[in-house]
1. Where q = 0.20, 0.22 Å⁻¹, what log10 of I(q)/I(0) comes from the Debye formula for the range 472-586, counting one point per Cα?
2. Take the solvent-accessible surface of the protein heavy atoms, probe 1.4 Å, and return the percent of it on the range 88-228 that carbon and sulfur atoms account for.
3. Calculate the radius of gyration of the Cα atoms of the range 242-303 to one decimal place, then report Dmax, the largest Cα-Cα distance, as a whole number, both in Å.
4. Rounded to the nearest 0.05, what FRET efficiency do Val208 and Asn127 give with R0 = 51 Å and r taken as the Cβ-Cβ distance? Could you check?
5. Once the piece of chain linking Ala147 and Phe165 is laid out straight, how much longer is it, given 0.36 nm per residue of separation minus the C-alpha distance between them?
6. Within a Cβ distance under 12 Å of Ala587, other residues only, what is the Lys/Arg minus Asp/Glu net charge?
7. What does the charge count near Thr539 come to, summing +1 for each Lys or Arg and -1 for each Asp or Glu among other residues with Cβ under 11 Å from its Cβ?
8. Arrange the peptides 154-167, 458-471 so that the one whose residues have, on average, the most other Cβ atoms within 10 Å appears first.
Amino acid sequence: MRLHPARRRPIALSARSACSAWFGCSAFVTLVALTPSAWAEEPEPAAARLSPPSTPAQQARLTPPEDPRNTPWDRIVALREPTGRIVPRPLDADEPFRFELDGEFQLRAQFQRAFLLEPTPKDLAENPKLTGRSLGQKSFVTGWLRATPRVRIGPNVVVTGQIDFPTGFVFGDTTSGVGADSAPRDNGGNLGNYLVPRWLYVDWRTKVGLLRVGQQPNHWGMGILANDGDHPNLFGDYRYGQIAERILFGTRPLGEKSPFTVALAADLVYRDNQARLSRGDVAFQGVLAAYYEKGPNQVGLFAVARDQRNTKDSVPGVSEYRDRLQILALDVAAHGALPLPGHRTGFAFGEVEAAAIFGRTNLLRDANTANDAWPTRIASQALAARVGFVRGGTALVDDVATEPGVTPKRISQMYGSFVTQVEVGYASGDANPYDRTERRFTFDPNHKVGLVLFDEVLRWHTARAATAAADPLLTNGARPTPGVDLLPSNGGVFGAAYMNPTAIFRPEPWLDLKAGALFAQTTADLVSPYGVATKGKYTNYRGGDPRSHDLGVELDLGVEARHRLPSGIVFQGGAQAGILFPGRALADANGTLPAPTWVAVGRTGLQF
(Lines give C-alpha, C1' and ligand atoms only; values in the text may rest on other atoms or scores of the structure.)
Protein backbone atom coordinates (compact mmCIF):
# COMPACT_ATOMS: atom_id res chain seq x y z
CA MET A 1 0.00 0.00 0.00
CA ARG A 2 1.53 3.32 -1.07
CA LEU A 3 1.53 6.26 1.30
CA HIS A 4 -0.12 9.38 -0.07
CA PRO A 5 0.33 12.71 1.72
CA ALA A 6 -3.42 13.38 1.67
CA ARG A 7 -4.12 10.25 3.66
CA ARG A 8 -5.97 11.30 6.83
CA ARG A 9 -5.49 8.27 9.13
CA PRO A 10 -2.70 9.00 11.68
CA ILE A 11 0.40 6.89 11.30
CA ALA A 12 0.90 4.46 14.17
CA LEU A 13 4.67 4.46 13.80
CA SER A 14 6.63 2.58 16.42
CA ALA A 15 10.23 3.72 16.67
CA ARG A 16 11.12 1.22 19.37
CA SER A 17 13.66 -0.49 17.19
CA ALA A 18 15.65 2.72 17.21
CA CYS A 19 16.44 3.67 20.72
CA SER A 20 18.68 1.46 22.78
CA ALA A 21 22.01 2.91 21.69
CA TRP A 22 21.86 5.62 24.27
CA PHE A 23 20.33 3.95 27.30
CA GLY A 24 22.90 4.59 29.99
CA CYS A 25 25.62 5.65 27.60
CA SER A 26 26.73 8.79 29.30
CA ALA A 27 26.89 7.21 32.71
CA PHE A 28 30.20 5.54 32.03
CA VAL A 29 33.22 7.36 33.30
CA THR A 30 36.81 7.32 32.17
CA LEU A 31 39.22 6.54 34.96
CA VAL A 32 42.52 6.69 33.10
CA ALA A 33 43.73 9.32 35.57
CA LEU A 34 43.58 6.73 38.34
CA THR A 35 46.44 4.61 37.06
CA PRO A 36 48.69 2.90 39.60
CA SER A 37 51.43 5.44 38.95
CA ALA A 38 49.34 8.06 40.73
CA TRP A 39 50.30 6.41 44.01
CA ALA A 40 53.87 5.50 43.07
CA GLU A 41 56.55 5.87 45.74
CA GLU A 42 58.50 8.28 43.52
CA PRO A 43 56.44 11.28 42.33
CA GLU A 44 56.02 11.43 38.59
CA PRO A 45 55.41 14.52 36.43
CA ALA A 46 52.05 16.20 36.98
CA ALA A 47 51.37 15.99 33.23
CA ALA A 48 51.35 12.22 33.49
CA ARG A 49 49.32 12.06 36.70
CA LEU A 50 46.72 14.64 35.82
CA SER A 51 46.24 14.31 32.09
CA PRO A 52 42.65 14.77 30.82
CA PRO A 53 40.87 11.47 31.47
CA SER A 54 39.64 10.96 27.92
CA THR A 55 42.78 11.97 26.04
CA PRO A 56 43.90 9.00 23.92
CA ALA A 57 47.46 7.75 23.75
CA GLN A 58 49.63 10.52 22.40
CA GLN A 59 52.90 10.70 20.53
CA ALA A 60 55.03 10.71 23.66
CA ARG A 61 58.63 9.65 24.32
CA LEU A 62 58.09 6.02 23.39
CA THR A 63 61.50 4.76 24.43
CA PRO A 64 61.97 0.96 24.47
CA PRO A 65 60.97 -0.41 27.91
CA GLU A 66 63.39 -2.26 30.15
CA ASP A 67 60.76 -4.95 30.74
CA PRO A 68 58.28 -5.20 27.83
CA ARG A 69 55.78 -7.03 30.06
CA ASN A 70 55.26 -3.82 32.04
CA THR A 71 54.68 -1.57 29.01
CA PRO A 72 51.66 0.67 29.77
CA TRP A 73 48.59 0.13 27.62
CA ASP A 74 48.66 3.74 26.39
CA ARG A 75 52.09 3.14 24.87
CA ILE A 76 50.86 0.06 23.05
CA VAL A 77 47.92 2.04 21.67
CA ALA A 78 50.34 4.78 20.57
CA LEU A 79 52.40 2.17 18.72
CA ARG A 80 49.26 0.91 17.04
CA GLU A 81 47.54 4.23 16.30
CA PRO A 82 49.82 7.31 16.59
CA THR A 83 47.78 10.51 16.67
CA GLY A 84 50.41 13.21 16.21
CA ARG A 85 49.06 14.95 19.30
CA ILE A 86 51.53 16.97 21.34
CA VAL A 87 52.18 15.95 24.94
CA PRO A 88 52.15 18.80 27.49
CA ARG A 89 55.50 19.44 29.18
CA PRO A 90 55.54 18.49 32.90
CA LEU A 91 55.65 21.20 35.53
CA ASP A 92 59.12 22.05 36.77
CA ALA A 93 59.77 21.61 40.48
CA ASP A 94 59.85 25.39 41.04
CA GLU A 95 56.90 26.15 38.72
CA PRO A 96 53.68 26.59 40.72
CA PHE A 97 51.41 27.65 37.84
CA ARG A 98 51.11 27.24 34.08
CA PHE A 99 48.54 27.95 31.38
CA GLU A 100 48.54 25.64 28.33
CA LEU A 101 46.56 25.61 25.12
CA ASP A 102 46.61 22.65 22.80
CA GLY A 103 44.22 21.30 20.22
CA GLU A 104 43.78 20.68 16.52
CA PHE A 105 42.45 22.19 13.31
CA GLN A 106 41.15 19.71 10.72
CA LEU A 107 39.84 20.03 7.16
CA ARG A 108 38.08 17.35 5.11
CA ALA A 109 37.04 17.30 1.45
CA GLN A 110 34.57 14.49 0.83
CA PHE A 111 33.29 13.08 -2.46
CA GLN A 112 30.71 10.31 -2.69
CA ARG A 113 28.43 8.46 -5.03
CA ALA A 114 24.74 9.24 -4.59
CA PHE A 115 22.39 6.42 -3.55
CA LEU A 116 18.59 6.28 -3.29
CA LEU A 117 16.69 6.65 -0.03
CA GLU A 118 12.99 6.41 0.88
CA PRO A 119 11.03 9.34 -0.62
CA THR A 120 9.35 11.70 1.86
CA PRO A 121 5.62 12.56 1.74
CA LYS A 122 6.60 15.91 0.22
CA ASP A 123 8.45 14.05 -2.56
CA LEU A 124 5.41 11.85 -3.20
CA ALA A 125 3.10 14.85 -3.30
CA GLU A 126 5.20 16.22 -6.15
CA ASN A 127 5.60 12.86 -7.90
CA PRO A 128 3.31 10.00 -6.69
CA LYS A 129 5.23 7.46 -8.80
CA LEU A 130 8.57 8.26 -7.17
CA THR A 131 10.25 5.20 -5.62
CA GLY A 132 13.38 6.82 -4.22
CA ARG A 133 15.24 10.07 -3.70
CA SER A 134 18.95 10.58 -3.12
CA LEU A 135 20.69 12.31 -0.23
CA GLY A 136 21.44 15.28 -2.49
CA GLN A 137 25.08 15.53 -1.42
CA LYS A 138 27.98 14.53 -3.68
CA SER A 139 30.86 16.77 -2.60
CA PHE A 140 31.57 19.12 0.28
CA VAL A 141 34.28 20.50 2.55
CA THR A 142 34.01 20.54 6.33
CA GLY A 143 36.35 21.31 9.18
CA TRP A 144 36.65 22.05 12.86
CA LEU A 145 38.86 23.73 15.41
CA ARG A 146 39.14 21.95 18.75
CA ALA A 147 40.85 23.97 21.48
CA THR A 148 41.76 22.52 24.88
CA PRO A 149 42.95 25.12 27.42
CA ARG A 150 44.44 23.80 30.63
CA VAL A 151 45.57 25.51 33.84
CA ARG A 152 47.94 23.65 36.17
CA ILE A 153 48.09 24.87 39.76
CA GLY A 154 50.82 23.09 41.63
CA PRO A 155 51.26 19.31 41.40
CA ASN A 156 47.70 18.34 42.35
CA VAL A 157 45.17 20.67 40.68
CA VAL A 158 44.33 20.99 36.98
CA VAL A 159 41.47 22.91 35.35
CA THR A 160 40.64 21.61 31.86
CA GLY A 161 38.31 22.98 29.18
CA GLN A 162 37.52 22.13 25.56
CA ILE A 163 35.45 23.75 22.80
CA ASP A 164 34.72 22.93 19.14
CA PHE A 165 33.85 25.26 16.25
CA PRO A 166 32.30 24.98 13.64
CA THR A 167 31.62 21.25 13.94
CA GLY A 168 29.08 20.01 11.38
CA PHE A 169 29.06 23.03 9.05
CA VAL A 170 29.79 22.22 5.39
CA PHE A 171 30.85 24.17 2.31
CA GLY A 172 29.43 22.75 -0.91
CA ASP A 173 26.51 20.33 -1.32
CA THR A 174 24.20 19.97 1.66
CA THR A 175 21.91 17.06 2.46
CA SER A 176 18.15 17.02 1.96
CA GLY A 177 15.41 15.21 3.86
CA VAL A 178 17.59 13.80 6.67
CA GLY A 179 17.19 16.50 9.30
CA ALA A 180 16.45 13.92 12.02
CA ASP A 181 20.14 12.94 12.10
CA SER A 182 22.15 14.42 14.98
CA ALA A 183 24.55 16.06 12.48
CA PRO A 184 22.68 16.19 9.16
CA ARG A 185 25.24 18.27 7.21
CA ASP A 186 22.48 20.60 6.03
CA ASN A 187 23.75 23.84 7.66
CA GLY A 188 20.45 24.16 9.50
CA GLY A 189 19.95 25.75 12.90
CA ASN A 190 21.83 28.61 14.51
CA LEU A 191 25.30 29.29 15.87
CA GLY A 192 24.63 27.02 18.84
CA ASN A 193 24.55 24.02 16.50
CA TYR A 194 28.18 24.57 15.53
CA LEU A 195 29.77 26.12 18.64
CA VAL A 196 30.08 23.20 21.05
CA PRO A 197 31.37 23.80 24.60
CA ARG A 198 32.56 20.33 25.55
CA TRP A 199 34.48 20.33 28.83
CA LEU A 200 35.12 22.51 31.84
CA TYR A 201 36.14 20.60 34.96
CA VAL A 202 38.59 20.57 37.87
CA ASP A 203 40.82 17.67 38.92
CA TRP A 204 42.02 17.67 42.52
CA ARG A 205 44.42 14.95 43.56
CA THR A 206 44.07 14.36 47.30
CA LYS A 207 45.92 11.97 49.56
CA VAL A 208 43.06 9.49 49.36
CA GLY A 209 41.96 9.76 45.73
CA LEU A 210 40.87 11.90 42.81
CA LEU A 211 37.97 14.38 42.98
CA ARG A 212 36.72 15.63 39.60
CA VAL A 213 33.92 18.20 39.34
CA GLY A 214 32.40 19.93 36.32
CA GLN A 215 31.32 19.30 32.74
CA GLN A 216 33.24 16.17 31.79
CA PRO A 217 33.70 13.68 28.95
CA ASN A 218 32.70 10.02 29.13
CA HIS A 219 34.69 7.18 27.65
CA TRP A 220 34.94 3.56 28.63
CA GLY A 221 36.55 0.51 27.06
CA MET A 222 36.43 0.37 23.27
CA GLY A 223 33.81 3.12 23.19
CA ILE A 224 30.85 1.13 21.88
CA LEU A 225 28.57 2.39 24.66
CA ALA A 226 30.25 5.49 26.12
CA ASN A 227 32.49 7.49 23.82
CA ASP A 228 33.90 10.97 24.39
CA GLY A 229 34.37 11.82 20.71
CA ASP A 230 38.08 12.49 21.26
CA HIS A 231 39.63 9.16 20.25
CA PRO A 232 40.85 9.02 16.62
CA ASN A 233 39.76 6.03 14.51
CA LEU A 234 41.62 4.10 11.83
CA PHE A 235 39.01 5.22 9.30
CA GLY A 236 36.60 8.13 9.63
CA ASP A 237 36.40 11.01 12.11
CA TYR A 238 34.98 11.52 15.57
CA ARG A 239 32.34 14.18 16.25
CA TYR A 240 30.56 15.54 19.32
CA GLY A 241 30.80 12.91 22.10
CA GLN A 242 29.10 12.26 25.42
CA ILE A 243 29.24 14.91 28.16
CA ALA A 244 27.82 15.12 31.68
CA GLU A 245 27.69 17.58 34.55
CA ARG A 246 29.40 15.32 37.07
CA ILE A 247 30.83 14.91 40.53
CA LEU A 248 33.25 11.97 40.63
CA PHE A 249 35.47 10.51 43.31
CA GLY A 250 37.86 7.62 42.69
CA THR A 251 40.16 5.86 45.12
CA ARG A 252 42.02 2.63 45.94
CA PRO A 253 40.23 1.20 48.97
CA LEU A 254 42.82 -1.56 49.51
CA GLY A 255 45.78 0.82 49.68
CA GLU A 256 47.77 3.14 47.49
CA LYS A 257 49.78 0.31 45.89
CA SER A 258 46.72 -1.83 45.20
CA PRO A 259 45.83 -2.48 41.54
CA PHE A 260 42.11 -2.20 42.41
CA THR A 261 40.27 1.10 41.82
CA VAL A 262 36.70 2.09 42.72
CA ALA A 263 34.82 5.23 41.68
CA LEU A 264 31.44 6.76 42.38
CA ALA A 265 29.81 9.47 40.25
CA ALA A 266 26.59 11.45 40.10
CA ASP A 267 25.55 12.91 36.73
CA LEU A 268 23.20 15.34 35.10
CA VAL A 269 23.54 14.55 31.39
CA TYR A 270 24.51 17.54 29.27
CA ARG A 271 24.58 15.73 25.94
CA ASP A 272 24.63 12.14 24.72
CA ASN A 273 23.07 10.09 21.95
CA GLN A 274 19.55 10.76 23.22
CA ALA A 275 19.39 13.41 25.92
CA ARG A 276 20.27 17.08 25.49
CA LEU A 277 19.89 19.35 28.45
CA SER A 278 19.54 22.35 26.11
CA ARG A 279 16.25 21.01 24.70
CA GLY A 280 14.72 20.15 28.07
CA ASP A 281 15.78 16.50 28.43
CA VAL A 282 16.58 15.91 32.11
CA ALA A 283 18.53 12.71 32.79
CA PHE A 284 20.04 11.89 36.20
CA GLN A 285 22.45 9.00 36.65
CA GLY A 286 24.30 7.23 39.42
CA VAL A 287 27.45 5.27 38.67
CA LEU A 288 29.48 2.63 40.47
CA ALA A 289 32.69 1.66 38.70
CA ALA A 290 35.55 -0.70 39.54
CA TYR A 291 38.56 -2.10 37.72
CA TYR A 292 41.73 -4.11 38.27
CA GLU A 293 44.87 -3.05 36.40
CA LYS A 294 48.40 -4.40 36.22
CA GLY A 295 50.82 -3.27 33.51
CA PRO A 296 48.98 -3.28 30.18
CA ASN A 297 46.24 -5.57 31.48
CA GLN A 298 42.96 -4.28 32.82
CA VAL A 299 39.47 -5.62 33.48
CA GLY A 300 36.62 -3.46 34.74
CA LEU A 301 32.89 -3.28 35.38
CA PHE A 302 30.49 -0.33 35.29
CA ALA A 303 26.97 -0.30 36.68
CA VAL A 304 24.69 2.66 36.08
CA ALA A 305 21.12 3.56 36.94
CA ARG A 306 19.45 6.27 34.84
CA ASP A 307 16.18 8.16 35.23
CA GLN A 308 15.29 10.47 32.35
CA ARG A 309 12.30 12.74 31.82
CA ASN A 310 11.58 14.71 28.65
CA THR A 311 8.97 17.46 28.78
CA LYS A 312 7.05 17.93 25.52
CA ASP A 313 3.96 19.73 24.22
CA SER A 314 0.92 17.76 23.10
CA VAL A 315 -0.51 20.98 21.73
CA PRO A 316 2.28 23.59 21.40
CA GLY A 317 2.01 26.11 24.23
CA VAL A 318 -1.16 24.54 25.64
CA SER A 319 -0.73 20.97 26.90
CA GLU A 320 2.46 19.36 28.25
CA TYR A 321 3.29 15.71 28.83
CA ARG A 322 6.38 13.82 29.95
CA ASP A 323 8.27 10.95 28.45
CA ARG A 324 10.18 8.85 30.96
CA LEU A 325 12.97 6.28 30.91
CA GLN A 326 14.41 4.07 33.66
CA ILE A 327 17.30 1.72 32.94
CA LEU A 328 20.05 -0.33 34.48
CA ALA A 329 23.12 -0.81 32.28
CA LEU A 330 26.07 -3.12 32.85
CA ASP A 331 29.31 -2.86 30.87
CA VAL A 332 32.37 -5.09 31.19
CA ALA A 333 35.59 -4.21 29.36
CA ALA A 334 39.09 -5.64 29.35
CA HIS A 335 42.35 -5.21 27.48
CA GLY A 336 45.78 -6.76 27.63
CA ALA A 337 49.06 -7.30 25.80
CA LEU A 338 52.00 -9.69 25.74
CA PRO A 339 55.47 -9.19 24.23
CA LEU A 340 56.08 -11.11 21.01
CA PRO A 341 58.76 -13.77 21.48
CA GLY A 342 62.10 -12.43 20.33
CA HIS A 343 60.76 -8.87 19.80
CA ARG A 344 61.48 -6.35 22.55
CA THR A 345 59.22 -3.80 20.84
CA GLY A 346 56.56 -6.13 19.45
CA PHE A 347 53.29 -7.06 21.17
CA ALA A 348 50.19 -9.19 20.77
CA PHE A 349 47.16 -7.35 22.09
CA GLY A 350 43.48 -7.84 22.67
CA GLU A 351 40.42 -5.84 23.75
CA VAL A 352 36.85 -6.77 24.51
CA GLU A 353 33.73 -4.95 25.66
CA ALA A 354 30.28 -6.36 26.41
CA ALA A 355 27.21 -4.35 27.42
CA ALA A 356 23.66 -5.20 28.42
CA ILE A 357 20.81 -2.76 29.03
CA PHE A 358 17.61 -3.50 30.93
CA GLY A 359 14.76 -1.17 31.77
CA ARG A 360 11.41 0.31 30.88
CA THR A 361 10.13 3.43 29.14
CA ASN A 362 7.12 5.23 27.74
CA LEU A 363 9.25 7.07 25.18
CA LEU A 364 8.05 4.49 22.65
CA ARG A 365 4.33 3.97 22.39
CA ASP A 366 1.44 3.92 19.95
CA ALA A 367 -2.34 4.33 20.16
CA ASN A 368 -2.75 0.88 21.71
CA THR A 369 -0.32 1.58 24.57
CA ALA A 370 -0.81 5.33 25.08
CA ASN A 371 -2.44 4.87 28.50
CA ASP A 372 0.11 2.36 29.83
CA ALA A 373 2.55 3.74 32.41
CA TRP A 374 5.44 1.66 31.05
CA PRO A 375 4.46 0.32 27.60
CA THR A 376 7.93 -0.79 26.51
CA ARG A 377 10.45 -3.15 28.09
CA ILE A 378 14.14 -2.71 27.21
CA ALA A 379 16.48 -5.67 26.74
CA SER A 380 19.44 -5.15 24.39
CA GLN A 381 23.01 -6.44 24.21
CA ALA A 382 26.24 -5.73 22.39
CA LEU A 383 29.77 -7.10 22.12
CA ALA A 384 32.97 -5.96 20.43
CA ALA A 385 36.37 -7.64 20.48
CA ARG A 386 39.68 -6.93 18.81
CA VAL A 387 42.85 -9.03 18.61
CA GLY A 388 46.07 -8.37 16.72
CA PHE A 389 49.76 -7.72 16.94
CA VAL A 390 52.07 -4.79 16.41
CA ARG A 391 55.65 -5.23 15.34
CA GLY A 392 57.72 -2.42 16.74
CA GLY A 393 60.71 -0.58 15.37
CA THR A 394 62.92 2.24 16.61
CA ALA A 395 64.01 5.43 14.91
CA LEU A 396 65.88 8.60 15.84
CA VAL A 397 63.37 11.46 15.92
CA ASP A 398 63.08 14.95 17.33
CA ASP A 399 61.88 15.04 20.91
CA VAL A 400 58.19 16.10 20.70
CA ALA A 401 58.30 17.47 24.26
CA THR A 402 60.99 20.06 23.45
CA GLU A 403 60.08 23.70 24.10
CA PRO A 404 59.10 25.67 20.94
CA GLY A 405 62.04 27.64 19.57
CA VAL A 406 64.61 25.30 21.13
CA THR A 407 66.58 22.94 18.92
CA PRO A 408 65.10 19.51 19.70
CA LYS A 409 67.18 16.66 20.94
CA ARG A 410 67.32 13.46 18.94
CA ILE A 411 65.88 10.54 20.85
CA SER A 412 65.26 6.89 20.09
CA GLN A 413 61.52 6.35 19.71
CA MET A 414 59.50 3.22 19.23
CA TYR A 415 56.89 3.04 16.49
CA GLY A 416 54.65 0.33 15.11
CA SER A 417 56.21 -0.65 11.80
CA PHE A 418 53.47 -3.19 11.03
CA VAL A 419 50.07 -3.64 12.68
CA THR A 420 47.39 -6.16 11.86
CA GLN A 421 44.18 -6.75 13.76
CA VAL A 422 40.70 -8.21 13.45
CA GLU A 423 37.66 -6.70 15.14
CA VAL A 424 34.37 -8.55 15.46
CA GLY A 425 31.18 -7.08 16.82
CA TYR A 426 27.57 -7.86 17.61
CA ALA A 427 24.62 -5.55 18.27
CA SER A 428 21.21 -7.04 18.93
CA GLY A 429 18.44 -6.21 16.48
CA ASP A 430 14.66 -5.82 16.63
CA ALA A 431 12.54 -7.27 13.82
CA ASN A 432 9.16 -6.42 15.39
CA PRO A 433 8.43 -2.75 16.14
CA TYR A 434 5.15 -3.63 17.88
CA ASP A 435 5.88 -6.40 20.38
CA ARG A 436 6.49 -4.00 23.33
CA THR A 437 10.10 -5.08 23.82
CA GLU A 438 12.99 -2.96 22.59
CA ARG A 439 15.89 -5.19 21.54
CA ARG A 440 17.90 -3.04 19.13
CA PHE A 441 21.31 -1.88 20.30
CA THR A 442 23.25 0.86 18.51
CA PHE A 443 26.95 1.43 19.08
CA ASP A 444 28.06 4.95 19.87
CA PRO A 445 28.66 6.61 16.46
CA ASN A 446 32.23 7.52 17.46
CA HIS A 447 33.21 3.85 17.45
CA LYS A 448 33.88 3.71 13.72
CA VAL A 449 33.73 0.50 11.71
CA GLY A 450 34.67 1.23 8.09
CA LEU A 451 33.80 4.35 6.09
CA VAL A 452 30.66 3.62 4.08
CA LEU A 453 28.17 1.01 5.30
CA PHE A 454 27.38 2.24 8.81
CA ASP A 455 28.64 5.84 8.70
CA GLU A 456 26.94 6.74 5.41
CA VAL A 457 24.47 4.25 3.91
CA LEU A 458 22.60 2.96 6.98
CA ARG A 459 22.99 6.28 8.76
CA TRP A 460 21.11 8.15 6.06
CA HIS A 461 18.50 5.42 5.52
CA THR A 462 17.43 5.65 9.18
CA ALA A 463 17.60 9.46 9.17
CA ARG A 464 15.40 9.68 6.06
CA ALA A 465 12.80 7.35 7.61
CA ALA A 466 12.64 9.44 10.80
CA THR A 467 12.49 12.71 8.86
CA ALA A 468 9.70 11.40 6.61
CA ALA A 469 7.67 10.32 9.65
CA ALA A 470 7.69 13.93 10.89
CA ASP A 471 6.73 15.43 7.52
CA PRO A 472 4.02 18.10 8.03
CA LEU A 473 2.03 16.66 5.12
CA LEU A 474 1.22 13.63 7.26
CA THR A 475 -1.83 13.92 9.51
CA ASN A 476 0.32 13.49 12.62
CA GLY A 477 3.32 15.37 11.21
CA ALA A 478 2.92 18.25 13.66
CA ARG A 479 3.15 15.76 16.51
CA PRO A 480 5.04 12.69 15.25
CA THR A 481 4.64 9.35 16.98
CA PRO A 482 6.62 9.29 20.26
CA GLY A 483 10.10 7.90 19.80
CA VAL A 484 10.47 8.63 16.10
CA ASP A 485 13.36 10.98 16.86
CA LEU A 486 15.25 7.95 18.20
CA LEU A 487 15.15 6.07 14.90
CA PRO A 488 18.34 7.53 13.30
CA SER A 489 21.49 5.49 13.94
CA ASN A 490 23.67 8.62 13.47
CA GLY A 491 26.34 6.39 11.95
CA GLY A 492 26.58 3.78 14.71
CA VAL A 493 26.56 0.03 14.21
CA PHE A 494 23.05 -1.28 14.96
CA GLY A 495 21.33 -4.64 14.72
CA ALA A 496 24.33 -6.20 12.99
CA ALA A 497 27.22 -8.61 13.36
CA TYR A 498 30.47 -7.82 11.56
CA MET A 499 34.08 -8.76 11.02
CA ASN A 500 36.58 -5.98 10.27
CA PRO A 501 40.19 -7.05 9.53
CA THR A 502 42.65 -4.16 9.08
CA ALA A 503 46.38 -3.74 8.51
CA ILE A 504 48.82 -0.81 8.73
CA PHE A 505 52.30 -0.69 7.22
CA ARG A 506 54.69 2.10 8.28
CA PRO A 507 57.84 2.25 6.16
CA GLU A 508 58.72 5.36 8.22
CA PRO A 509 57.46 6.47 11.66
CA TRP A 510 55.57 9.38 10.06
CA LEU A 511 53.83 7.47 7.24
CA ASP A 512 50.83 5.12 7.52
CA LEU A 513 49.60 2.93 4.68
CA LYS A 514 46.43 1.16 5.74
CA ALA A 515 43.74 -1.14 4.41
CA GLY A 516 40.63 -2.78 5.76
CA ALA A 517 37.65 -4.95 4.85
CA LEU A 518 34.20 -5.16 6.40
CA PHE A 519 31.80 -8.10 6.26
CA ALA A 520 28.40 -7.54 7.88
CA GLN A 521 25.07 -9.28 8.44
CA THR A 522 21.98 -8.12 10.29
CA THR A 523 21.24 -9.91 13.59
CA ALA A 524 17.48 -9.69 12.98
CA ASP A 525 15.23 -8.87 10.03
CA LEU A 526 16.03 -5.32 8.88
CA VAL A 527 12.64 -3.66 9.35
CA SER A 528 11.82 0.01 8.79
CA PRO A 529 9.14 1.12 11.32
CA TYR A 530 8.21 3.91 8.94
CA GLY A 531 7.76 1.40 6.12
CA VAL A 532 5.52 -0.78 8.29
CA ALA A 533 3.30 2.17 9.16
CA THR A 534 3.00 3.61 5.65
CA LYS A 535 3.03 0.49 3.47
CA GLY A 536 1.09 -1.83 5.74
CA LYS A 537 3.78 -4.53 5.59
CA TYR A 538 7.23 -5.30 6.92
CA THR A 539 9.94 -4.00 4.58
CA ASN A 540 13.52 -2.86 4.76
CA TYR A 541 14.50 0.79 4.30
CA ARG A 542 14.20 0.48 0.49
CA GLY A 543 10.88 -1.36 0.52
CA GLY A 544 12.55 -4.74 -0.02
CA ASP A 545 12.43 -8.09 1.76
CA PRO A 546 13.52 -7.58 5.40
CA ARG A 547 14.37 -11.28 5.76
CA SER A 548 17.54 -10.83 3.72
CA HIS A 549 20.35 -10.35 6.23
CA ASP A 550 23.42 -9.78 4.04
CA LEU A 551 24.52 -6.14 4.32
CA GLY A 552 27.42 -6.56 1.92
CA VAL A 553 31.19 -6.22 1.76
CA GLU A 554 33.19 -3.00 2.15
CA LEU A 555 36.82 -2.36 1.20
CA ASP A 556 38.78 0.60 2.62
CA LEU A 557 42.19 2.15 1.87
CA GLY A 558 44.06 5.06 3.41
CA VAL A 559 47.33 6.93 3.64
CA GLU A 560 48.29 9.32 6.47
CA ALA A 561 51.45 11.38 7.01
CA ARG A 562 52.66 13.44 9.98
CA HIS A 563 55.41 16.09 10.05
CA ARG A 564 56.57 18.16 13.01
CA LEU A 565 57.25 21.75 12.03
CA PRO A 566 60.06 23.82 13.65
CA SER A 567 57.43 25.66 15.69
CA GLY A 568 56.42 22.39 17.32
CA ILE A 569 53.12 22.15 15.44
CA VAL A 570 52.44 18.78 13.81
CA PHE A 571 51.13 18.86 10.23
CA GLN A 572 48.91 15.99 9.08
CA GLY A 573 47.81 15.05 5.58
CA GLY A 574 46.35 12.08 3.77
CA ALA A 575 43.38 10.47 2.10
CA GLN A 576 40.88 7.68 2.76
CA ALA A 577 38.48 5.89 0.46
CA GLY A 578 35.99 3.08 0.75
CA ILE A 579 33.62 1.19 -1.52
CA LEU A 580 30.58 -0.84 -0.46
CA PHE A 581 29.23 -3.75 -2.50
CA PRO A 582 25.70 -3.92 -1.07
CA GLY A 583 24.07 -7.17 0.00
CA ARG A 584 20.46 -8.33 -0.31
CA ALA A 585 19.44 -6.56 2.91
CA LEU A 586 19.69 -3.30 0.95
CA ALA A 587 17.70 -4.42 -2.11
CA ASP A 588 14.52 -2.61 -3.18
CA ALA A 589 10.98 -3.98 -3.61
CA ASN A 590 11.95 -5.54 -6.95
CA GLY A 591 14.97 -7.28 -5.44
CA THR A 592 17.34 -4.94 -7.28
CA LEU A 593 20.62 -4.26 -5.52
CA PRO A 594 21.95 -0.70 -5.37
CA ALA A 595 25.07 0.07 -7.36
CA PRO A 596 28.34 -0.05 -5.39
CA THR A 597 28.58 3.05 -3.20
CA TRP A 598 31.91 4.79 -2.66
CA VAL A 599 33.27 7.58 -0.48
CA ALA A 600 36.63 9.38 -0.87
CA VAL A 601 38.00 11.88 1.66
CA GLY A 602 40.98 14.20 1.45
CA ARG A 603 42.37 15.01 4.89
CA THR A 604 44.66 17.69 6.28
CA GLY A 605 45.13 19.21 9.69
CA LEU A 606 47.35 20.66 12.38
CA GLN A 607 48.00 19.49 15.94
CA PHE A 608 49.19 22.26 18.25
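The values are calculated or read from the model by the stated rules, or taken from the named source; none is laboratory data. What you see is a predicted model; the values in this text were computed from it and never measured. Note: ideal-geometry Cβ built from the backbone for every residue, glycine included; neighbour counts use all protein chains shown. Surface areas here come from the heavy atoms of the whole protein model, side chains and all, with no ligands, DNA or RNA. Shrake-Rupley method; radii C 1.70, N 1.55, O 1.52, S 1.80 Å.
1. -1.09, -1.21
2. 65 percent
3. Cα only, the range 242-303: 14.7, 45 Å (Rg, Dmax).
4. 0.15
5. Result for the pair: 5.6 nm of gain on full extension.
6. Summing Lys and Arg as +1 and Asp and Glu as -1 gives 0.
7. Within the 11 Å Cβ shell, the charges total 0.
8. Top to bottom by mean Cβ count within 10 Å: 458-471, 154-167.
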